[in-house]
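Below is one structure, written out as structure tokens; comments come after it.
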Amino acid sequence: MNIYPVYLDYAASTPLDSRVKNKMLDVMNAAHLYANPSSLHIYGQKAKALIDTARLQIASYVGAEASEIIFTSGATESINLAIKGVASLLKRKGHHIITVKTEHKAVLDTCQHLEKIGYRVTYLTPHPTGRIDLDELLHAFSQETILVSVMQVNNETGVIQDLDAIAEATSSRSILLHVDAAQSIGKCKLDVSRTPIDLISFSSHKVYGPKGIGALYLRKKPRVRVEPLLHGGGHELGMRSGTLATHQIVGMGEAFQIAQQDFESDVLHIQQLHDKFLQALRMIRSIQITGDLQHKVPHILNIRFEGLLADALLNELSDVMAVSTGSACQTKEMSSSHVLRAMGLSTEQIKSAIRFSFGRLTTQDDISFVIDKMIKIFTRKS
């Protein structure tokens with residue numbers, strides 16, 4: 001049964017997969033699995049065993065070891081822990097960090113905070129395609145550089161950065177590389193045994209898992225450590241104190257395992273939705289695609305309807321589909337996309353842009369319904 005308006009905002013958040021929900025319910029309904037997983041008695045150890053399994057499921061997706069995964073409250077905390085934690089631990093080595101102007105606000109705001117306390121941050125300007133210029137990155141390196149932070153997949157455009165080239169540049173200079181992979185899981189391959197990445201931030205709710213839980217990958221060989229943000233118990237290798245939420249972690253682990261198992265079918269399904277939607281739109285109106293179609297994931301499609309205001313168009317389509325003009329993590333006061341502006345778009349172009357994002361539960365009928373309604377609106381306007 002179709003539900004309207006059609007949800008096309010999967011880049012902001014995904015529904016909880018029924019398989020994930022059932023796994024979490026099993027934990028919540030089981031006797032004594034509420035026990036603290038740090039406790040040494042049998043109930044605590046049973047809870048810990050479930051967490052160990054989830055840790056392995058997450059690690060497996062990126063070719064890591066379970067001991068390289070620590071749990072957090074979400075990708076935002078993971079990003080803060082990675083960037084602030086590295087900056088604090090390596091402050092005697094250097095005070096320079098490199099990132100990109102199109103990064104998520106969790107990265108940019110964290111870097112701006114560090115600037116206020118004496119760190120120097122270089123913000124790379126991407127090409128109009130959304131990808132960074134490797135030569136610009138190489139030019140930005142200095143003796144003081146301790147960290148590069150870059151997202152694999154941009155949350156507003158779906159553009160994929162060349163992590164292999166970036167990682168080669170950082171590892172050859174003994175500079176740590178942090179990757180924001182919130183939009184990557186289930187959409188892109190990521191293998192730390194092949195690509196030398198030092199830290200990776202993960203989200204659960206972007207991959208059909210529960211909200212309120214995330215993870216951070218920390219390379220073991222050589223061991224990467226961070227200065228903790230939270231103190232009080234020394235959990236998670238001493239880098240993230242706090243009692244672990246067993247049912248949330250089990251849900252995240254299951255979501256990552258499903259993403260790995262269903263990767264090919266999910267990508268094929270979403271690519272078909274992407275192509276159908278894009279082809280239909282091009283037949284009814286002149287549109288512009290933001291970002292490089294040759295280097296992007298299919299689940300995000302940023303389209304500019306130049307000559308129209310995106311907010312006005314979305315208002316007319318509010319009963320038809322649920323979409324966004326940009327990141328869900330910005331307040332209304334900050335709603336003008338910093339991503340599109342960094343890519344060189346004008347204010348008028350930015351105001352005409354809508355981000356459509358598809359997911360596992362989006363159907364061909366959903367796309368047909370949305371297109372049919374959009375045709376009627378564009379016909380009235382012509």
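The values are calculated or read from the model by the stated rules, or taken from the named source; none is laboratory data. The shown structure was predicted, so the numbers you read here are calculated from the model rather than taken from an experiment. A quick note on method: Cβ atoms are made from the backbone with ideal geometry, for glycine too, and the neighbour counts reach across all protein chains shown.
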Completion exercise
Expected output for segment 107-124 (first residue not assigned by TED's automatic domain parsing to the domain that holds Leu199, partner of a type in the set (Asp, Glu), Cβ below 6 Å, 6+ apart or cross-chain) is none
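Count, please, the residues in segment 65-91 that happen to be in a loop (DSSP other than H, G, I, E, B) and either in contact with a Pro (Cβ under 8 Å, 6 or more places away or on another chain) or on the phi > 0 side of the Ramachandran plot (or both). Even if it seems obvious, please write down each step before you answer.
Within segment 65-91, the first condition is being in a loop (DSSP other than H, G, I, E, B), and the residues that meet it are 65, 73-74, 90-91.
Next, from what is left, pick out any that are either in contact with a Pro (Cβ under 8 Å, 6 or more places away or on another chain) or on the phi > 0 side of the Ramachandran plot (or both): 74.
Going through segment 65-91 one residue at a time, the tally reaches 1.
Just to verify a result, which residue in segment 1-34, among those that are aliphatic (A, V, I, L, M) and free of Cβ contacts under 8 Å to residues at least 40 places away in the same chain, is nearest to Ala322 (Cα to Cα)? First the steps, then the outcome.
As a first pass, look at segment 1-34 and keep what is aliphatic (A, V, I, L, M): 1, 3, 6, 8, 11-12, 16, 20, 24-25, 27-28, 30-31, 33.
Narrowing the set further to residues that are free of Cβ contacts under 8 Å to residues at least 40 places away in the same chain leaves 1, 3, 25, 30-31.
Details: Met1: 17, Ile3: 11, Leu25: 28, Ala30: 37, Ala31: 40 Å.
Per the criteria, the residue is Ile3.
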Problem - Residues being surrounded by fewer than 17 Cβ atoms within 10 Å (Cβ to Cβ), closer than 27 Å to Asp266 by Cβ and at pLDDT 95 or above - total across segment 298-351 - result: 1
Problem - Options Thr129, Thr170; residue that is in the same structural domain as Thr72 (by TED's automatic domain parsing), touching a Pro at 6+ places or on another chain (Cβ under 9 Å) and at pLDDT 95 or above - result: Thr170
Exercise for the section: Could you please give the count of residues in segment 264-286 that are under 30 Å from Ala66 (Cα atoms) and in contact with a helix residue (DSSP H, G or I) (Cβ under 9 Å, 6 or more places away or on another chain)? Expected result: 1
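Given the structure, is Ile3 surrounded by fewer than 23 Cβ atoms within 10 Å (Cβ to Cβ) and β-branched (Val, Ile, Thr)?
On the way: surrounded by fewer than 23 Cβ atoms within 10 Å (Cβ to Cβ): yes; β-branched (Val, Ile, Thr): yes.
For Ile3, the condition - surrounded by fewer than 23 Cβ atoms within 10 Å (Cβ to Cβ) and β-branched (Val, Ile, Thr) - is met.
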Completion exercise
Leu137 passes all but one of the listed conditions (1) in a loop (DSSP other than H, G, I, E, B); (2) hydrophobic (A, V, I, L, M, F, W, C); (3) within 30 Å of Gly344 (Cα to Cα); the exception is number (1)
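Residues of segment 92-118 being in a loop (DSSP other than H, G, I, E, B) and in contact with a strand residue (DSSP E or B) (Cβ under 7 Å, 6 or more places away or on another chain), which ones? Steps first, answer last, please.
So the first thing to find is which residues in segment 92-118 are in a loop (DSSP other than H, G, I, E, B), and the list is 92-95, 101-104, 117-118.
Hits for segment 92-118 are Lys93, Gly94, His95, Lys101, Glu103, His104.
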Problem - Filter result for Val121 (closer than 16 Å to Leu177 by Cβ and part of a strand (DSSP E or B)) - result: yes
Problem - Residue ID - surrounded by the fewest Cβ atoms within 10 Å (Cβ to Cβ), chosen from residues in segment 102-155 that are within 25 Å of Ser174 (Cβ to Cβ) and charged (D, E, K, R) - result: Asp135
Practice task
Restrict the check to segment 65-75 and report whether at least one residue is in the same structural domain as Ile166 (by TED's automatic domain parsing), crowded, with 19+ Cβ neighbours inside 10 Å and of a type in the set (D, E, K, R).
Solution key: yes
